[in-house]
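No value in this document is a laboratory result; all are computed from the given coordinates. Treat the numbers as computed from the prediction; the structure is a model and nothing was measured. Cβ sites come from the backbone with ideal geometry, for glycine too, and all protein chains shown count toward neighbours.
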Amino acid sequence: MIRTAFSAILLASAAPVLAETHSIEPGEGAQERLQEALILAQPGDEIVLAAGRYELTDGLSLDVDGVTVRGAGMDGTVLDFTTQAGAGEGLLVTSDNVTLRDFAMENPKGDGIKSKGADHIVYHRIRVTWTRGPHPENGAYAIYPVESTGVLVDGVKVTGASDAGIYVGQSDQITVRNSIAEANVAGIEIENSRNALVEHNVATRNTGGILVFDLPDLPVMGGGNVIVRNNLVVANDTPNFAPPGNIVAGVRRGTGIMVMANEDVLIEDNILSGNPTAPVMVIAYVQPFEDERYNPLPRGVVVGENQFDGGGYDPQLEGGEMLKAAFGGALPPVMWDGLGSLYVTGDTPGWTLNLTEQGKGLGDAQPAPLSAPAPESEFDSSGIGAPAELEARLAR
Amino acid sequence: MAMPPAMPEPVNDEAVSGPGFPRLLSDYGFFNNLQAHDVGPGVYKYELNTPLYSDGAEKLRYIYTPFGTEPVADGEGLLEFPVGSALIKTFAFGEGDERRLIETRVLLHRADGWLALPYLWNEEQTDARLAIAGARIDLTTPRGEAISYRVPNKNQCKECHGLDGEVVPIGPKVRNLSADWFAEHFGEVPEGADQLPVWAHREQASAADAARAYLDVNCAHCHRPGAMASNSGLDLRWEQDDPKALGIMKRPVAAGRGAGELLFDIVPGDPEGSILLHRMLSNDPGVAMPELGKASVDVEGTEAVRRWIAGMEKGE
């Protein structure tokens with residue numbers, strides 16, 4: 001006998017359906033109601049989160065392409081993870097063409113919003129806050145797109161991350177702009193990524209403002225084609241509160257814009273003030289490594305015209321006091337370790353450690369004023385930044 | 001005239017292969033008697049040599065393949081299942097009269113790929129209902145620890161079962177299934193079967209084999225290329241033999257505060273100095289590994305990993 005009657009929710013349908021809006025209110029059962037909406041949404045649907053505070057105990061996840069999650073503003077809709085009991089992040093996105101906008105997330109136990117392998121994602125006016133301020137037990141990353149092509153982060157605000165506020169890793173075609181990163185270890189970090197544009201952001205009270213890193217032993221390496229321009233990088237003077245195992249635990253308090261390894265990075269038209277170790281730092285990867293695919297040197301890094309208010313007036317560097325004295329009271333604004341290739345436009349003063357070997361520490365350092373050549377050609381900015389299609393989504 | 005014996009009802013193939021999400025576990029007809037898990041035709045019980053730890057839950061595992069088909073072994077990895085197959089896993093806690101079925105997870109092999117669905121057992125223990133958003137249940141583990149047990153939501157199923165964008169089974173790998181099981185059900189034992197040590201007898205295996213089997217089964221569905229934790233660069237599969245990929249003297253990438261005060265995933269000879277063990281020993285979300293399906297530390301598993309790391313030559 002074949003049973004033919006059974007109850008089922010018929011969902012899988014080949015016929016195109018009209019996009020729907022699913023409205024969620026805070027209150028009893030919000031966890032299940034919101035998660036169910038995220039699961040049952042169809043491509044093109046919008047999930048609207050009414051204003052209010054949502055008490056959530058578990059991480060949320062979205063795995064449907066083309067969904068928009070929209071709140072009533074980053075101060076109106078708050079997903080509160082203070083009592084989170086499980087999962088590694090507040091919200092995990094694993095589908096493409098997702099738009100997240102106009103809501104806040106507070107005190108996730110791990111990362112805030114992680115999107116992995118989620119191409120063409122937009123983060124717009126999202127706030128992620130660890131409300132107790134800098135603390136080593138805060139989550140690592142607030143906004144965390146990784147292994148994705150097409151990332152637009154616009155108008156977000158991140159505070160208190162124990163690693164990076166906005167962290168884009170192993171991705172391509174990225175724009176991070178109009179955002180505020182405050183009191184994180186790293187304000188904004190672009191890691192092992194290509195074609196990234198970082199502009200019109202405010203990075204303040206972090207340990208380091210904006211970092212562009214390339215690290216070994218990762219599936220995606222060879223970071224480069226990065227532009228960091230028109231950012232306000234001020235008063236990044238919070239003592240490093242990262243757990244010691246993290247790569248950013250080595251970032252010195254008072255670092256403005258830092259490039260480690262990478263190829264073809266342009267730093268121009270930024271305003272840098274109150275970054276007491278180094279307003280701009282360009283160095284090779286500092287650890288020994290075995291990965292043969294990896295190039296540890298910064299290559300083709302260009303420091304264009306930037307506005308500096310002072311240099312390294314309180315450097316967290318070995319022999320800092322002596323160095324300061326040698327340079328007349330403060331270190332010049334651009335610091336280079338002497339490895340790889342650096343170009344500097346105009347008369348921006350700098351200094352170099354004159355290292356000759358990567359991964360050997362500072363023992364052989366012979367600090368001296370920097371005389372870097374001017375760029376040989378105009379920086380090639382083609383293909384840098386998020387695809388225009390992501391931009392168009394902001395208007396909706 | 002004597003009545004012929006009642007024929008067991010066949011599995012409802014439409015529920016397995018058709019569209020939609022059946023609401024009740026009983027809709028599938030995998031069991032003649034659901035509560036007793038008395039299997040119907042085409043449903044085979046199986047066990048794994050080294051199982052996945054799930055807060056000490058007792059696990060009842062079954063394979064269903066449609067009439068006239070059977071799973072195919074191709075190498076030592078996952079068995080291949082024809083479309084229309086299902087994997088069924090029930091989680092239970094408590095002994096004897098106290099035993100309660102908590103949840104049953106099904107993996108359905110449909111024409112467009114595998115679908116993972118969680119079912120939550122009712123109070124009366126008569127059936128289990130689809131719980132697409134998951135649930136939390138207070139219970140006590142066999143070690144007497146009171147925990148908030150997490151039934152995963154449908155998306156969380158995919159976090160572990162996702163590989164290269166598809167949902168795939170994890171458990172029934174040829175190397176982790178016994179030769180006896182193959183012989184009993186299919187009449188022959190495929191090459192590569194029965195390699196992982198039987199967990200209950202792990203003291204007869206080398207420290208490395210016991211730990212590597214544990215990591216393969218408990219961690220490598222995420223920590224491998226193409227899976228959820230691929231970006232970490234850590235690859236804990238049984239077949240991986242590059243020490244750096246296995247975490248030996250490998251620096252963490254995106255561990256955040258999960259790394260604690262430590263610098264490397266595995267420091268040979270120094271289990272306490274190894275991030276891998278540190279995270280396995282934690283229950284704090286944001287630190288704890290695995291991120292899902294664990295509310296209590298696995299004493300046996302962490303001990304096996306500790307023994308392996310402790311026995312590694314320093315400076316290896």
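Table for the structure above
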quantity	calculated
More than 41 angstrom apart: percent of Cα pairs within the protein assembly as shown	33
Charge tally in the Cβ shell below 11 Å around A:ASN270, where Lys, Arg are +1 and Asp, Glu are -1, A:ASN270 excluded	-3
Calculated over the stretch B:13-186: convex hull of Cα atoms, volume per residue (Å³)	126
Unit charges on C-beta of K, R, D, E only; dipole of the protein assembly as shown, Debye	1020
Cα long-axis angle, helix A:30-40 against chain A (0 to 90 degrees, to the nearest 10)	90
Reciprocal mean inverse distance between Cα atoms of the stretch B:80-161 - Kirkwood radius, Å	13.8
Positive-end residue of B:LEU292, B:ALA211, B:VAL305, charge dipole of the stretch B:199-310 with Cβ unit charges	B:LEU292
Surrounding net charge for A:GLY150, when Lys and Arg each add one and Asp and Glu each subtract one, Cβ distance under 15 Å	-4
Computed [θ] at 222 nm, helices only, for chain B once each DSSP H run of length n ≥ 4 contributes -39500 (n - 2.57)	-4500 deg cm²/dmol
Sequence of B:TYR62, A:TYR167 once ranked by neighbouring C-beta atoms within 10 Å, starting from the fewest	B:TYR62, A:TYR167
Neighbourhood charge, 14 Å Cβ-Cβ cut-off, centred on A:GLU305 and excluding it, Lys, Arg +1 and Asp, Glu -1	-3
Approximate shape of the stretch B:199-310 as ellipsoid semi-axes (Cα gyration tensor, √5λ), whole Å, largest first	19, 16, 15
Reachable aspartates and glutamates, given that their alpha-carbon falls under 16 Å from the alpha-carbon of B:LYS314 and they are not under 8 places away in the same chain	B:ASP265, B:ASP270, B:GLU272
Dipole-positive endmost among A:VAL185, A:ALA365, A:GLN170 within the stretch A:110-393 (Cβ charges, Cα centre)	A:VAL185
Two-site label geometry, A:ARG132 and B:ASN33: point separation in nm, points 7 Å out along Cα→Cβ	5.3
Inter-chain shielding of A:217-228 (mean C-beta neighbours from other protein chains, 10 Å cut-off)	2
Nearby lysines by direct alpha-carbon distance to A:LYS116 (threshold 29 angstrom, same-chain neighbours under 8 apart not counted)	A:LYS157, B:LYS89, B:LYS154, B:LYS158, B:LYS173, B:LYS244, B:LYS250, B:LYS294
Spherically averaged projected area in nm², based on the convex hull that wraps the Cα atoms of the stretch A:323-396	8.6
Spin-label zone in the stretch A:296-320 - amide nitrogen under 20 Å from a point set 7 Å from the Cα of A:ASP269 along the C-beta vector	A:301-309
Value of Rg/Rh across the stretch A:110-393 [Cα atoms, Kirkwood radius]	0.94
